[in-house]
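Below: the structure, in structure tokens.
Computed from the coordinates by the stated procedures, all read-outs in this text should not be read as laboratory data. None of these values were measured; they are calculated from a predicted model. Note that each Cβ is placed from the backbone with ideal geometry, even for glycine, and that neighbours are counted across all protein chains shown.
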Amino acid sequence: MNTIDITTPSKKYPVFIGDKVIDQLNVVLENLNPSPKNLLIITDENVGNLYLETVQNVIGDAFTYETIQIHAGDDQKSFENYMACQSFALSKELDRTSVVIALGGGMIGDLAGFVAGTYMRGIRFIQIPTTILAHDSAVGGKTGINHPEGKNMIGVFHQPEAVIYSTDFLTTLPANEIRSGFAEVIKHALIADENLYRSLRASVKSIDDLKGNSLQKALIQGIKIKNEIVTQDEKEKGIRAYLNFGHTLGHAIEGELQYKGITHGEAIALGMLFALSLKEDTEILGQELKMWLRTLGYPSFPKHLSASSLVNRMKKDKKAEKGMIQMVLLNSLGKPSLSPFTSESLERKLSSFIEEASKE
């Protein structure tokens, strides 16, 4: 087992990562003060079918718990499910000592964290990630739900009590979810660690290479990069925005596709390629990344999406300021920066990017 201490201005908490570290759950719960009178496990049907019983067996008779399961899919990170969880918590008489347990991927972590952050003005929660992607979303305290006008538009910063990352829960992931999570590992390397990026390029020749110790090592390095940034900027007033590399366009692609047919990480991978195409200094890096992603099976740009529709969504991004779309670019490997674009300029560049992609 590896332990990484996450330190932010508002809270310090551990990330336990390793095979079968789910056994740490009761240790964390028993050390909470005040002791929780009851727990609420929030999960989705897919993860529930696989791992809910394991978590329930770990808890055993040590604590009273309730469980709510919702449908799977990022489109379920909705106001309707948020209200359903709040209503369920009220009906089960959760109080301010209670603890929410988020068992699932990024969607569940974001939703459950937002439920916890707003129930009775905020109660405690614990993240139990079950995807590679969640190595990013489970750490740092961002929680929220989607709005039809944009992804993660409604939410709060609410740090967990702990993150229990039992890597044996990752063995059932399908290939597209492995690609989705690995895209965030690549993102962390691109914005902060040239040596990590070069190492991943050399060692990961196919998705099948992402398992065992090599996967765990990549996850640990990604979490450490996230921790370094969040420690300096918990609420995204400055450098934490760099973690959104690839996300401005990626979120727009997800929204245009109504969160179907492409995973979050696959959309972010396309967003990173576009961002690298925006500077002459990083065009070669972008071509290199494109070839690597293609080898790993990442999808090409959806041909039916229009630049104008995507830019309209990008204008509603949380980083947009005074009519300008803020894009995270790289000056070079490991050196990110924020660059403003007018919607007209960005639409021209995106149109060219889509046209080039359609020829491949």
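Rg/Rh for the range 2-170 (Cα atoms only, Rh after Kirkwood) is 0.92.
In plain terms, the C-alpha convex hull of the range 175-358 casts an average shadow of 9.8 nm² when viewed from every direction. What do you get for the angle between helix 175-192 and the principal long axis of the chain? Use alpha-carbon atoms, 0 to 90 degrees, nearest ten. For helix 175-192, the angle is close to 70 degrees. Here the Karplus curve 6.51 cos²θ - 1.76 cosθ + 1.60, taken at θ = phi - 60°, turns the phi angles of the range 150-160 into couplings of x, 7, 6, 6, 10, x, 9, 7, 8, 6, x Hz, with x standing for Gly and Pro. Axis of helix 343-358 versus longest Cα principal axis of the chain: the two differ by about 80°, to the nearest ten degrees.
Looking at the chain, the DSSP beta bridges with both ends there are about 45 percent antiparallel.
Share of antiparallel DSSP beta bridges in the range 1-107, in percent to the nearest 5? Restricted to the range 1-107, the bridges split so that about 35 percent are antiparallel.
Could I get the Rg over Rh figure for the range 1-86? Both from C-alpha atoms, Rh via Kirkwood, rounded to two places.
Radius of gyration over Kirkwood radius for the range 1-86 works out to 0.99.
Between helix 79-91 and the chain there is an angle of about 10 degrees, using the helix long axis and the longest principal axis of the Cα atoms.
Of all stretches in the chain that contain no trypsin sites (Lys or Arg not before Pro) in a DSSP loop with at most 10 other Cβ atoms within 10 Å, the longest one is 1-236.
Which value, in nm² and rounded to one decimal, describes the direction-averaged projected area of the C-alpha convex hull of the chain?
One quarter of the hull surface, i.e. the mean projection, equals 16.3 nm².
Under a Gaussian network description of the chain, with springs only between Cα atoms under 10 Å, the residue in GLY109, GLY155, GLY261 that fluctuates furthest is GLY261.
Model label points for LEU90 and ASP233, set 7 angstrom from Cα along the Cα-to-Cβ axis, are 3.8 nm apart. Here the range 2-170 is assigned +1 on the Cβ of each Lys and Arg and -1 on the Cβ of each Asp and Glu. Its dipole about the Cα centre then comes out at about 580 debye. The residues packed around LEU243, meaning those with a beta-carbon under 15 Å from its beta-carbon, carry a net charge of +2 if Lys and Arg are +1 and Asp and Glu are -1. As I understand it, the dipole of the chain uses +1 on the Cβ of Lys and Arg and -1 on the Cβ of Asp and Glu, about the Cα centre. Which of SER35, ILE229, ILE108 lies farthest toward its positive end? So the residue furthest toward the plus end is ILE229. May I ask you to list the GluC sites (Glu not before Pro) in the range 42-134 that are in a DSSP loop and have at most 14 other Cβ atoms within 10 Å of their Cβ? Passing sites in the range 42-134 are GLU93. Taking all Cα pairs closer than 8 Å and separated by 6 or more residues, the relative contact order of the chain comes to 15 percent. For the pair the range 232-299 / the range 49-109, the C-alpha centres are spaced 30 Å from each other. Report ³J(HN,Hα) in whole Hz for each residue of the range 117-126, in order, from the Karplus equation J = 6.51 cos²θ - 1.76 cosθ + 1.60 where θ = phi - 60°; Gly and Pro get x. Rounded to whole hertz, the list is x, 10, 5, 6, 6, x, 10, 7, 8, 10.
With neighbours defined as other Cβ atoms within 10 Å of a residue's Cβ, the residues THR167, THR143, THR67 order from fewest to most as THR67, THR167, THR143.
Computed about the Cα centre, the dipole magnitude for the range 82-203 is approximately 100 debye when only Lys and Arg (+1) and Asp and Glu (-1) carry charge, each at its Cβ.
Model label points for PHE157 and GLN258, set 7 angstrom from Cα along the Cα-to-Cβ axis, are 3.5 nm apart.
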